[in-house]
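Worksheet: the structure to be examined is printed underneath.
The values are calculated or read from the model by the stated rules, or taken from the named source; none is laboratory data. This structure is a prediction, so every number in the text was calculated from the model and none was measured. Don't worry about glycine lacking a Cβ; one is built from the backbone with ideal geometry, like all the others, and counts go over all protein chains shown.
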Amino acid sequence: MILLIKNETWYYVERLYLHVYGSSKFINFLRSFELNYDVEYPNNIHDFMKEHDHSIEDFMSIVKDEKKLEILKKIIFDTQIEKTQRLDFNYYGEQINAWYPKVVENLKSSNIDIDYTNETLIETTNLKLNLFLHNISGFIVNNLSDTNWSYVSEICGVTHILNFPKNEQLIRSHELIDSNYESHIYYFLKDVHSYNEDFCMLLIRLVGKQGTLNDTGKEKFHEILTNFEQNNWIELLIQNIKNPTHENLIDCEVVPDSFYRALANEINFQYITNHYIPLSILIRKIIENLIIDILRKKYGHSNMEMYYNINQGRFQDFSVLLRNLDSCKQDFKHVSSSFNDDLMRKIKKYKESGNSAAHSIDVNLTNDYFLSNKEEINYIINILIRVCKNLPPE
């Protein structure tokens, strides 16, 4: 059974625990589950509460489902945490008494029932999701034989899931179009959905865009997606084009390689077709990858932890990457004088908007929003590209 817990749940879990027990006990709480959450909280917890930091969501996205369930069980049945829903107190206008009910609400919407009598959490089968993934997998087999799984996985940031041992057969089955191809697609998409449901829907849309569908095929693809109506936002994702914009969003000077060219092209496509949720996610992704490449080129193997979490075998979370880049920005002043505090603030803005788009619908993500920020987005990306290009290897 794959847990489909909304990522924002961990935002509220963290705040609940910090308010009731403090930051050091929260770190120790996670360590009791063999999870090393490497973050430095401010001494005054009020300083943390005024920021809408979602780093915990990125961290929990790679935690195994069994541990997630055990952590949530401790939170839900903790009497002190449960009492917070009766407190008349707020941090900068954010009411504490809304946090616990929000966690409960998210669990129920994620098909997890709460058994208060036996103090346990019970998973229920998501038949709607299973049927949707079954239908979309069959459609891909019958109509989209030219799917490039490596490409769409790279764009959506889920290559690590494609490389899971249990998903290795997907590409081989695709090449042979054997009888197991449909089931391999189904289980791969289910793994991606477990990792991040929004990324899964973006990946499916990209698969549909790759192929050449006739009008009947396009209508069927649209019908499968709209029938699912995951939290209603999928209708926004595949909405019909209205008042399309014909001007690109990104006008990069010289993109470093084919990966960034593909990513820039996809960003421009999302902008032109008014798909603002995946657009925000992809802007965050191109900035994040450029920062990784800058740190990797500057520090190489001598200081890998600047960009790579050796213990967990993956690149650092965006929040850690940005913090590390900010701490060493003086090392890049000789390459670009624009590598300063102002640039860091601008990058943080798009980190946060991309993170919000990945977890919920932001009504502010409109054409006007991106049009008004177009110059700033290009400013950030072009500086990062220029620095990356002009840095000598370590």
Would the stretch 304-322 turn up any residue that is surrounded by fewer than 15 Cβ atoms within 10 Å (Cβ to Cβ), modelled with pLDDT of 90 or more and either more than 20 Å from residue 382 (Cα to Cα) or touching a Lys or Arg at 6+ places or on another chain (Cβ under 8 Å) (or both)? yes
In the set 146, 198, the lone residue that is under 26 Å from residue 282 (Cα atoms), in contact (Cβ under 8 Å) with a residue 60 or more places away in the chain and part of a loop (DSSP other than H, G, I, E, B) is 146
First in the stretch 75-103 and within 21 Å of residue 117 (Cα to Cα), second anywhere and assigned to a strand (DSSP E or B) and modelled with pLDDT under 90, Cβ under 8 Å, 6 or more apart: 76/114; 76/121
Among the residues of the stretch 323-353, which ones are assigned to a loop (DSSP other than H, G, I, E, B), at pLDDT below 85 and either of a type outside the set (Lys, Arg) or within 18 Å of residue 51 (Cβ to Cβ) (or both)? 334, 335, 336, 337, 338
Give, as residue ranges, the helices (runs of 4 or more DSSP H) completely inside the stretch 1-65 that count at least 2 residues that are in contact (Cβ under 8 Å) with a residue 40 or more places away in the chain and of a type in the set (Ser, Thr, Tyr). 8-21
Matching residues in the stretch 181-224 - criterion: being hydroxyl-bearing (Ser, Thr, Tyr) and either touching a Ser or Thr at 6+ places or on another chain (Cβ under 8 Å) or in the same structural domain as residue 274 (by TED's automatic domain parsing) (or both): 181, 183, 186, 195
Search result, residues across the stretch 42-60 that are surrounded by fewer than 17 Cβ atoms within 10 Å (Cβ to Cβ) and over 15 Å from residue 10 (Cβ atoms): 42, 43, 44, 45, 46, 47, 50, 51
Would a scan of the stretch 114-130 turn up a residue that is assigned to a helix (DSSP H, G or I) and under 22 Å from the mean Cα position of the chain (by Cα)? yes
If you check residue 356 against the conditions, is it modelled with pLDDT under 85 and either surrounded by fewer than 16 Cβ atoms within 10 Å (Cβ to Cβ) or not in a helix (DSSP H, G or I) (or both)? no
Of all residues in the stretch 227-252, count the ones that are modelled with pLDDT under 80, more than 27 Å from residue 58 (Cβ to Cβ) and among the polar types (S, T, N, Q). 5
Of these, 81, 161, which one is within 30 Å of residue 270 (Cβ to Cβ), touching a Phe, Trp or Tyr at 6+ places or on another chain (Cβ under 8 Å) and outside any strand (DSSP E or B)? 161
From 178, 113, grab the single residue that is in contact with a helix residue (DSSP H, G or I) (Cβ under 9 Å, 6 or more places away or on another chain), assigned by TED's automatic domain parsing to the domain that holds residue 221 and of a type outside the set (A, V, I, L, M, F, W, C). 178
Considering only residues of the stretch 61-87 that are hydroxyl-bearing (Ser, Thr, Tyr) and more than 23 Å from the chain's Cα centre (by Cα), which is surrounded by the fewest Cβ atoms within 10 Å (Cβ to Cβ)? 79
Can you say whether residue 57 is acidic (Asp, Glu) and closer than 15 Å to residue 99 by Cβ, as far as the supplied structure shows? yes
Residue count, the stretch 160-216, condition at pLDDT 85 or above, hydroxyl-bearing (Ser, Thr, Tyr) and exposed (fewer than 14 other Cβ atoms within 10 Å of the Cβ), comes to 1
Residue 133 being assigned to a helix (DSSP H, G or I), surrounded by 13 or more Cβ atoms within 10 Å (Cβ to Cβ), assigned by TED's automatic domain parsing to the domain that holds residue 72 and of a type in the set (A, V, I, L, M): no
